[in-house]
Amino acid sequence: MALSAAGDQAEVRKMLREVLVGREDPEGFFAVCLSVLGHQETRTQFLSIVKPLSTANIHLHSVLTSIYREYYSKTEDEELELALTLSLLDMEDTGMSTTDQEPQLLQSEVRVSPSSFAQPKSAPKSTSSAPPGSRIKECPTQINQETDPQKSLRSNSDNAQTHGTGQALCVRGSSASFSKPDAASEGDQMVAEGDSNKSDKPKRSKNRRQRRKGTGQQLVSSPHSLLAPPPVLLWFRRDLRLCDNPALVGSLELGAPVIPVFIWSPEEEEGPGITVAMGGACKYWLHQALSCLCTSLERIGSHLVFLEASGEGIEVRSSLHTLKQLVKETGARTIMANALYEPWLRERDVGVVSALQKEGVECKMFHSYCLRDPYSVSTEGVGLRGIGSVSHFMSCCRQNPGPPVGVPLEPAASLPTPANWPRGIPLDSLGLARMPRRKDGTVIDWAANIRTSWDFSEAGAQARLDAFLRDGVYRYESESGRADAPNTSSLSPYLHFGQLSPRWLLWDAKGARCRPLKFQRKLAWRDLAYWQLSLFPDLPWESLRPPYKALRWSADRSHLKAWQQGKTGYPLVDAAMRQLWETGWMNNYMRHVVASFLIAYLYLPWQEGYRWFQDTLVDADVAIDAMMWQNGGMSGLDHWNFVMHPVDAAMTCDPYGSYVRKWCPELADLPDELIHKPWKCPASMLRRAGVVFGQTYPERIVTDLEERRSRSLQDVALVRKEFGQYVDERSGCDLVPLPPRLVSEALGSSHGDEAVVREGKQFLLPLITRMEFKHQLENPDADAASNPYNAVLKGYVSRKRDETVAFLNERDFKASVMCEGAQRRERLERDYRRMEGLPPAPSPRGRGRRTPTAKDRFSVVPGGSVTSVK
């Protein structure tokens with residue numbers, strides 16, 4: 001017996017480790033303890049078993065302790081009183097009056113839940129437990145209770161019936177069966193009492209050793225039953241996944257039927273300004289992702305209900321009106337959803353929660369779209385210096401930590417379904433993937449290449465992540481800028497639509513052999529973008545720095561059209577824009593290249609680039625695109641101190657021309673050295689390659705890049721001089737008005753009511769400003785070439801090449817010292833031979849050579865000894 005007890009405790013401690021890593025929930029662990037140790041042993045040993053958690057995981061220890069105390073604090077008197085009350089109500093409704101077969105039925109069909117330990121002496125010893133979230137279905141002669149599959153515990157009664165995944169529970173005469181709802185508990189608890197003898201302690205079976213995989217994973221019966229809880233509406237938005245979905249898990253924990261719904265409301269998505277929140281490529285991805293999610297839900301016994309926002313009066317085409325109709329149709333009293341952080345969508349959600357609560361409907365929003373809730377980030381203890389940079393944002397998160405990220409949640413194995421589904425519409429009726437038609441009626445399938453380039457499912461997201469962590473992650477730190485090799489993860493569209501949670505991505509990245517800090521830092525950039533959007537709601541359409549609103553941008557629409565179509569005459573820019581149109585995606589480095597060309601060389605406003613990206617990118621994200629285009633357009637919180645050259649940048653991202661050859665096949669026969677600047681090719685070479693400017697490949701829309709760049713700098717200097725009140729005289733930095741939230745944090749808690757802001761006082765904050773702009777302000781008419789802080793990057797083959805060049809310089813320095821010594825010795829030898837009348841020494845022969853470790857033509861360095869010394 002001692003050995004058996006020791007083995008039971010070892011099994012319990014093993015399950016405790018499963019709870020710590022998140023593969024088991026606290027309620028399931030407590031149920032296992034009851035099953036393995038028994039009622040009395042659990043009462044005496046449970047607290048000592050979980051005591052080590054009081055220092056390792058205080059939150060989990062408190063949860064387990066509260067479950068233990070709640071379980072053992074209930075008295076038999078309370079449970080019997082509630083049982084008898086519900087029994088009388090049941091008898092009045094169903095008219096049951098016979099009690100002749102009560103003992104036999106109780107012995108064969110009553111099931112006792114683990115939370116109910118009051119049991120009559122005549123009840124059988126072998127009983128089964130219903131997990132949290134059990135459901136009861138009322139019928140004239142029986143109550144159907146759905147539990148986890150435990151066929152071995154079925155009784156031999158002829159009256160027992162099976163319904164769905166549950167077992168029939170029949171109570172006749174004065175027997176009582178009831179469900180005790182508790183809003184604070186994980187699900188409903190069921191108790192059956194057949195005898196009024198209260199003096200005997202309950203006897204529990206040790207056969208309940210099957211581990212509960214998830215809460216509420218049973219098929220449920222009619223939600224309109226008297227004792228059954230109403231269904232839960234699971235509102236999908238941009239969380240189109242089953243893995244690590246807090247709203248889905250929260251719905252399961254209620255133990256009620258779950259109705260997944262998706263409501264399409266384009267007006268609410270767009271917001272108050274010109275955000276282009278859902279462009280054509282994004283809507284097409286959303287259509288495919290919803291189709292994949294519906295298939296995934298069908299695999300676990302459910303399906304997704306599609307609806308289009310509608311309404312009447314002031315609620316025209318609103319999600320709130322549609323949700324009210326759903327609540328009325330289904331009888332749901334709870335709505336679960338994952339929060340969104342765009343200011344206009346957050347305001348919408350606050351209104352929905354408030355309006356539904358007034359009607360007695362609980363609406364819960366869970367945090368999962370970002371690693372950090374942008375509305376909880378504070379600058380207290382860090383200050384505002386350097387705001388806009390990712391380093392400052394990460395310092396704020398470290399100084400003011402929020403709730404822990406936690407462990408990713410496993411997907412549900414099944415979903416409880418309602419007896420009656422609400423009426424929805426077909427997915428195609430939403431018009432997300434509607435294609436234009438020509439005059440002759442033929443369809444223009446512009447998304448054909450997007451379909452072949454992506455797997456839109458949640459499984460496709462996981463497969464792409466696994467492939468990246470196996471291979472590409474090892475090159476990401478140094479080669480992520482390469483456009484001719486798959487060195488990036490391409491996970492951005494999956495993150496945007498919630499098919500992959502940032503928490504899941506972070507955990508997998510940390511668990512990889514190579515822990516890519518640069519890759520993990522990208523998640524901080526994503527959270528930074530949403531924090532900036534929460535501070536500046538007009539970020540997508542209005543420049544943050546006041547002087548730059550007055551820039552005299554070009555109005556040449558032909559240049560914009562050529563840029564959009566990939567017909568600028570610059571192969572690297574054209575290849576990137578064609579890839580964007582064909583696949584809906586390009587890597588981050590190429591986005592910088594095309595943005596710099598649009599702003600610094602074509603001198604077109606950044607808003608035009610932002611809108612085009614929003615319409616053509618499958619990962620178009622309002623917060624991220626707005627922040628990046630504002631910074632690239634010189635008007636964001638952070639001035640990036642670089643401008644990508646449309647030709648020289650190719651040395652970094654496409655040194656051999658493979659990328660250009662793929663997307664600009666008309667240039668495929670040009671040599672590597674000239675493929676990025678075909679206008680420098682001899683006429684004979686162009687003729688052999690079949691390149692005719694203006695016919696097979698477009699002419700350059702601008703030719704003098706230096707002149708265009710100089711004009712851009714001069715215009716910036718003029719507007720900064722004109723709006724001198726927004727330029728700090730001492731540091732030369734741009735000044736931007738602070739939003740009220742940052743003012744309150746800067747002034748401290750005593751000004752938390754924002755009284756100073758309401759009085760109309762404006763606080764200006766110095767921002768990071770490009771050094772070339774500060775220098776240009778001293779001489780606004782100077783050209784870009786004379787500016788010592790010129791931000792144009794010349795490009796490089798790889799970051800490793802910088803180290804190689806430094807090594808070669810050091811080696812060449814040593815070689816030059818040795819050469820000087822050799823020349824001195826040769827001079828002395830020559831003078832000695834001349835004085836002695838000896839013939840001259842033979843001259844050494846040298847040759848050029850290639851460094852043995854070089855992997856590209858740019859690393860060829862001179863070598864060998866001096867050929868002759870005269």
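The values are calculated or read from the model by the stated rules, or taken from the named source; none is laboratory data. Just so it is clear, the structure is predicted and the values come from calculations on it, not from any experiment. Please note: Cβ atoms are built from the backbone with ideal geometry, for glycine as well, and neighbour counts cover all protein chains shown.
Residue check: residue 289 meets all listed conditions (1) surrounded by 17 or more Cβ atoms within 10 Å (Cβ to Cβ); (2) at pLDDT 95 or above; (3) in contact with a strand residue (DSSP E or B) (Cβ under 7 Å, 6 or more places away or on another chain) but one, namely (3).
Among the listed residues 561, 549, 567, which satisfies the condition of being charged (D, E, K, R) and touching a helix residue (DSSP H, G or I) at 6+ places or on another chain (Cβ under 8 Å)?
Values: 561 fails: touching a helix residue (DSSP H, G or I) at 6+ places or on another chain (Cβ under 8 Å); 549 fails: touching a helix residue (DSSP H, G or I) at 6+ places or on another chain (Cβ under 8 Å).
Sole residue among the options that is charged (D, E, K, R) and touching a helix residue (DSSP H, G or I) at 6+ places or on another chain (Cβ under 8 Å): 567.
Within the option set 452, 417, 442, being surrounded by 12 or more Cβ atoms within 10 Å (Cβ to Cβ), β-branched (Val, Ile, Thr), on the phi < 0 side of the Ramachandran plot and over 22 Å from the mean Cα position of the chain (by Cα) holds for one residue only, 417. The residues in the range 634-670 that are of a type in the set (A, V, I, L, M) and surrounded by fewer than 22 Cβ atoms within 10 Å (Cβ to Cβ) can be counted, and the count is 3.
Once the range 22-63 is narrowed to residues that are acidic (Asp, Glu) and either part of a helix (DSSP H, G or I) or without any contact (Cβ under 8 Å) to a residue 12 or more places away in the chain (or both), the residue that is farthest from residue 250 (Cα to Cα) is 41. Within the option set 302, 310, 319, being polar (S, T, N, Q) and under 16 Å from residue 238 (Cβ atoms) holds for one residue only, 319. Consider residue 585 carefully, then state whether it is among the hydrophobic types (A, V, I, L, M, F, W, C) and surrounded by fewer than 21 Cβ atoms within 10 Å (Cβ to Cβ). No. Residue check: is residue 648 touching a Lys or Arg at 6+ places or on another chain (Cβ under 6 Å) and either in a loop (DSSP other than H, G, I, E, B) or farther than 23 Å from residue 588 by Cα (or both)? Against the criterion (touching a Lys or Arg at 6+ places or on another chain (Cβ under 6 Å) and either in a loop (DSSP other than H, G, I, E, B) or farther than 23 Å from residue 588 by Cα (or both)), residue 648 qualifies. If the condition is being under 42 Å from the mean Cα position of the chain (by Cα) and among the small types (Gly, Ala, Ser), then the range 686-722 contributes 710, 712, 717. Going by the conditions given, is residue 281 farther than 21 Å from residue 494 by Cα and in a helix (DSSP H, G or I)? For residue 281, the condition - farther than 21 Å from residue 494 by Cα and in a helix (DSSP H, G or I) - is not met. Restricting the range 738-780 to residues that are exposed (fewer than 14 other Cβ atoms within 10 Å of the Cβ), not polar (S, T, N, Q) and not in a helix (DSSP H, G or I) leaves a set whose member that is modelled with the highest pLDDT is 748.
When the range 627-645 is filtered for residues that are of a type outside the set (Ser, Thr, Tyr) and part of a loop (DSSP other than H, G, I, E, B), the ones remaining, listed by number, are 633, 634, 636, 637, 638, 639, 640, 641, 642, 645.
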